[in-house]
Every structure is written in C-alpha cells, then in structure tokens.
Amino acid sequence: MIVLITGASSGFGWEAAKLCVAKGHRVIGCARRTERLQALQKELGDAFFPLPFDIADADALNAAFERLPEDWRAIDVLVNNAGLALGQAPAHESRLADWEQMIATN
C-alpha cells in the first residue's frame, strides 16, 4: 500500500510515517522542510519518498506530483496531517493574514 502523509516533517506525521513503513507500506512524505524529509528518508530508506512542497500552494502541489515516479502514483491512503496555528489572540486582535494562511493550510 502507498500512504501519502502531509506534515510528515515532525510530530504526528513523522511518527505516522515510521509506523506505516514498519508495517510494510511505502510512504510519500510531504512537508515544507526539505531537510527534515531527507532526515526521515535516511532513517526509513527506500520505503519513504520525500516530496517537499507547501500544501497551501496549489501550483507547488501540482509540480510536486509531477515529480513522483510512476510506481509511487497509485496512492491508497491519505493522512491529511499538515496544519499550523497562528494568531492565537482573540479574533478582534488577530491579523487577517494569519487567519488566511491557517485556512489555506489546514
């Protein structure tokens, strides 16, 4: 099975990638931090394919999927884990740009 995990560069996404590979699955790890994805690939080996891009950028997403080798394209499972939290102040004190970025990402 091929599992695509967004937000794979840390936390739950990182651990989910390790668990899926341990169970015998191949994992496509997506995140913005290339160096973290490369570190995870070093740990997990050929069963992990790092695919760095910003999930909030539709053009970057399309370009990233064009880079996927043919034998990695039949994705069976999506773990939609990417997310961020900005502007934790009360709504009337928050910046609109923070809310727009959270909505685009989450």
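Readers should treat all values here as calculations from the given coordinates under stated rules, not as data from a laboratory. Since this is a predicted model, take the numbers as computed values, not measurements. Cβ atoms come from the backbone with ideal geometry, glycine included; neighbour counts cover every protein chain shown.
Stokes-Einstein, applied to the Kirkwood radius of the chain over Cα pairs at a viscosity of 1.002 mPa s and 20 °C, places its translational diffusion at 149 µm² s⁻¹. Taking a point 7 Å from the Cα of residue 12 along the Cα-to-Cβ direction, the residues of the stretch 88-105 with backbone N closer than 19 Å to it are 88, 102-105. Positive contributions from Lys and Arg (+1) and negative ones from Asp and Glu (-1), summed over other residues with Cβ under 14 Å from the Cβ of residue 73, come out at -2.
The order of the peptides 19-27, 64-72, 48-56, 76-84 by mean Cβ neighbours within 10 Å, most packed first, is 48-56, 19-27, 76-84, 64-72. Which of 5, 28, 103, 75 has the fewest other C-beta atoms within 10 Å, and how do the rest follow up to the most? Exposure proxy ranking, most exposed first: 103, 75, 28, 5.
In the chain, the DSSP-assigned H stretches of four residues or longer account for a calculated mean residue ellipticity at 222 nm of -12000 deg cm²/dmol, using -39500 (n - 2.57) per stretch and the full residue count as denominator.
Using R₀ = 22 Å, calculate the FRET efficiency as 1/(1 + (r/R₀)^6) where r is the Cβ-Cβ separation of residue 61 and residue 101; round to 0.05. Working from the Cβ atoms, E equals 0.90.
Taking Cα centre as origin and charging only the Cβ of basic (Lys, Arg, +1) and acidic (Asp, Glu, -1) residues, the dipole magnitude of the chain rounds to 320 debye. Seen against the Cα atoms of the chain and their longest principal axis, helix 34-44 is set at about 30 degrees. The residue among 80, 97, 68 whose Cα reaches farthest toward the positive pole of the charge dipole of the stretch 66-106, with charges on the beta-carbon of Lys, Arg, Asp and Glu, is 97. Computed from the C-beta positions of residue 88 and residue 68 and an R0 of 30 Å, the FRET efficiency is 0.25 to the nearest 0.05.
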